[in-house]
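Enquirer: Sharing a structure, written as structure tokens. Questions coming.
The values are calculated or read from the model by the stated rules, or taken from the named source; none is laboratory data. Keep in mind the model is a prediction, meaning the values are calculated, not measured. Please note: Cβ atoms are built from the backbone with ideal geometry, for glycine as well, and neighbour counts cover all protein chains shown.
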Amino acid sequence: MRVCACTVRFRDRRGVEHSTEVRASSVYEAACHAWATFKSSKHTEEESYKAEEFIVGLWEEPKTFHVNLEKLLRWLDRGRRGHKNTPRKEQLRKLLDANHWGRPTDEKISRKSR
């Protein structure tokens, strides 16, 4: 799969635009990586849950995609041929789930390395 550099952004309830840069092989993957980044920041965590859509802009090809948050979550929940846990979607789900609880503390990191 081809990986592209993207800028992903959303507007909060006050109309302030937040953005981050990610590398991804699909528009939904870019939205997942960006949402994980937004969720890990105390400035955008709460607002990212209230976003209706993420806007994904490709750098190489000047294209913009609007990713509806509800559709993204349905896509993550839907599998291919009845399999919910395709490796790629499972990785994206883990990224979002792990990020839901914030960045790991030094204590958690040291426990993992044992």
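Enquirer: Could you go through the range 25-32 and let me know if any residue there is more than 23 Å from GLU90 (Cα to Cα), surrounded by fewer than 19 Cβ atoms within 10 Å (Cβ to Cβ) and modelled with pLDDT under 95.
Expert: No - not one qualifying residue is present in the range 25-32.
Enquirer: Only one of these conditions is not met by LEU95: (1) in a loop (DSSP other than H, G, I, E, B); (2) modelled with pLDDT under 90. Which number is it?
Expert: (1)
Enquirer: Here's a follow-up. For the condition in contact (Cβ under 8 Å) with a residue 24 or more places away in the chain and surrounded by fewer than 15 Cβ atoms within 10 Å (Cβ to Cβ), what is the one hit in GLU60, GLU17, GLU46?
Expert: Answer to the selection: GLU60.
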